[in-house]
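In what follows, a single structure is set out as structure tokens and then discussed.
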Amino acid sequence: MITLGLVGGVASGKSAAARLLAEHVPGTIRIDGDRLGHQTLEIPAVKTALVGRWGESILNAAGEINRSAVAKIVFDTRHPDELHFLESKTHPHIRKEIREQMNAASAAEVPLVIIDAALLLETGWGDFCDMIIFVDTPAEVRQARALATRYWDAEEFKRREAAQWSVEKKRAAANIILNNSGSETELAQACIKLWDKVKDL
């Protein structure tokens, strides 16, 4: 079993790369850090801790955590302790789930596990990986994509990017660079070449 960790700047196309790699390598298991983060907010102890910190204004009409309300709090660069608090409550659960999914994948003898997590390097989850892949996408493309698909303005994009390692630091920590400056067809071709290179290494 080979485990690849995907990193890159905000809206670099990590999820697209993970999907295309999985399509090329049958039996691949994808571990989605964002999805695990969302699921973690449903854990009663986590929910109680967040409401205790920020009040019931972070709940939606159904009484569940409103992720947008939490994001407004934790990505306010004037109050960095709020993001640290959120991560202290959620990251241990995410790490545990990643480990459990990897153990299950190993037992099933799958060929490839892909971990797609925005904070893979910052959290130390990169230690689970055999190799780190940096998805290289021009900044102007990433920002345009974030504005179009996530409805963030330029300031929100900057706040989200500031909450992560710099693109340069992520690139330096990677074993392989995956170019995503073109079309999805070109990315698919790059993923095929990437898998061939990974197998050789």
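The values are calculated or read from the model by the stated rules, or taken from the named source; none is laboratory data. Just so it is clear, the structure is predicted and the values come from calculations on it, not from any experiment. Positions of Cβ are backbone-derived with ideal geometry, glycine not excepted, and every protein chain shown enters the neighbour counts. When the accessible area is computed, the model is the full protein with side chains, heavy atoms only, and any ligands, DNA or RNA have been set aside. Shrake-Rupley method; radii C 1.70, N 1.55, O 1.52, S 1.80 Å.
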So which lysines can Lys170 reach, going by Cα to Cα under 24 Å and dropping same-chain residues fewer than 8 places off?
Lys14, Lys96, Lys158, Lys193, Lys197, Lys199
Whole-number accessible area per residue in Å² for region 39-141, which is evaluated in the context of all protein chains at 1.4 Å:
53
Highest average packing first - 110-117, 179-186, 160-167, Cβ atoms within 10 Å:
110-117, 160-167, 179-186
By how many nm would the segment from Asp76 to Thr185 lengthen if fully extended, with 0.36 nm per residue of separation less the alpha-carbon distance?
35.6 nm
Given backbone amide H placed at 1.01 Å from N, residues whose amide H is under 5 Å from that of Ile2, ignoring those fewer than 5 places away on the same chain, are Leu112, Val113
Contact order relative to length of region 131-201, as percent, for alpha carbon pairs under 8 angstrom and 6 or more apart:
45
Gyration tensor on Cα atoms of the chain, a ≥ b ≥ c root eigenvalues, a/c under 1.5 rounded, else prolate if a/b beats b/c, else oblate, says oblate
Of Ile114, Ser166, Ser181, farthest towards positive along the dipole that unit charges on Lys, Arg, Asp, Glu beta carbons give the chain
Ser166
Counting only protein heavy atoms, what percent of the accessible surface of region 91-197 is carbon or sulfur at a 1.4 Å probe?
50
Scattering curve values for region 40-88, log₁₀ I(q)/I(0), Debye with Cα scatterers, q = 0.17, 0.22, 0.31 Å⁻¹
-0.44, -0.74, -1.35
Packing-based order for 122-132, 147-157, using average beta carbon neighbours within 10 Å, highest first
122-132, 147-157
